[in-house]
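Throughout, read-outs are computed from the coordinates displayed, never taken from laboratory work. Not measured: the values here are computed from a predicted model. For neighbour counting, all protein chains shown are included, and Cβ atoms are generated from backbone atoms with ideal geometry for every residue, glycine included.
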Amino acid sequence: MSRRIILTGGGSGGHIFPLIAVAESLIKSEPLLDIIYIGPKHPLNEEFLIRNIKVKNIFNAKWRRYFSLANIFAPLKLLFGFCQAFFLILSFWPDVIFSKGGPGALPVVLAAKIFGRRIIIHESDAIPGLTNRLCGPLAGRIAISFPPMADQPWADRSVAAYFPMEKTIFAGNPIRAYFFQNAENQKEAKQHLGFDSEKKMVLILGGSLGSARINAFFLENSDYFLKDFQIFHQVGSDNIDKIKEKAPLLKNYRVEGFFDLPLMKRGLAAADLVISRAGGSAIAEIAAAGKPSILIPLAEAANDHQRQNAYEYAQTGAAIVVEEGNLTRNILAVQIQKILEDGKQWQIMAAAAKNFARPEAAKIIAAEVLKLGQ
């Protein structure tokens, strides 16, 4: 009989896309695997279906770290989600569960542990999320995306400090295989996106939902920045119509709501510099593309994980951090010029980004999943 694997996690693209990357690697390694995904409803669940991975939805027990009436129902949703996961695991009887964390994963991991199923988890950020911290003691294997930083002043908060090292591996953040296929040169990528191939282009990433603050900042200062370079800006699907109304005639300024993988790949290929939030998946893709970056961590991110991500990544020399409180036109302009006008600095940062990248992450994690499921 073929081995059975449950993928779980969810709540955002940062959970789902790494699951897809590992699933692709699993299928390539062992095509006869029986794989299902258990998690909350999400538009991106379609990505599993097109790969012939069945989707089983459960309640999303998201706990909001701010006052919200929705938190009243979170414990009840967790209980219902656990009951759903309990019977799904009982009927499917997996050999191993791979969890990416997020609110959709906790009930699945808890139910799996009751049945004595083997569990492997993955953490994308420099500080683990609540679900992965709770699931760490239950897991037989833990994969992390940021290397241990024992000689750094914030090492006591490094992701490695939260998990037993004897069952923890530094794997990196899984990226889907398509990202690395048929690389496009920079000039061609700029032309395909409608930009001048000879002029510097800055790619701005606000996360899968976009960033209202970053959007407002660049719209307010667009005339100033567009004097020196072109901008390709991912603003979030919910923000795209409003922004197009505000900036319909800006030359050399292109906005998109959501970047699918081909558009993200092309945008990164075209970019001379990336300005981005500091989610673990975003950093992994920027590093894999070998592009210098300026990171603006989300101040309200859970456990301040984006700030930790940003500073640990910047420590490698691949990025500069500009915190939201310092996000002014002059400060950002100085940092952009420092990178784009100094060819040597650009090369140093690009090389550091490539050195941080872990293109084999999905393959490494897939191998651990298969080993644990033997």
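List of remarks:
- Entries of K28/K56; K41/K291; K187/K354; K242/K338; K28/K291 with Cα pairs more than 26 Å apart: K41/K291; K242/K338; K28/K291
- Among 257-266, 132-141, sorting by the average number of other beta carbon atoms lying within 10 angstrom of each residue, highest first, gives 132-141, 257-266.
- Degrees separating the helix 305-314 axis from the principal Cα axis of the chain, which is the longest one: 60 degrees
- Cα gyration tensor shape for the range 183-356, rounded if a/c is under 1.5, else prolate or oblate: rounded
- With a cut-off of 14 Å on the backbone N, the residues of the range 285-304 near the modelled label site 7 Å out from E323 along Cα-Cβ are 296-301, 304.
- Using alpha-carbon coordinates, inclination of helix 261-270 to the longest axis of the chain, degrees: 30 degrees
- Using R0 = 45 Å, the C-beta based FRET efficiency linking K28 and L90 works out to 0.95.
- Put in order of Cβ neighbour count within 10 Å, fewest first, the listed residues K363, K354 become K354, K363.
- Low-density loop cleavage sites - GluC sites (Glu not before Pro) in the range 275-374, where at most 11 other Cβ are within 10 Å (DSSP): E300, E341
- Computed across the range 282-374, the Kirkwood radius stands at 14.6 Å (inverse of mean 1/r, all Cα pairs).
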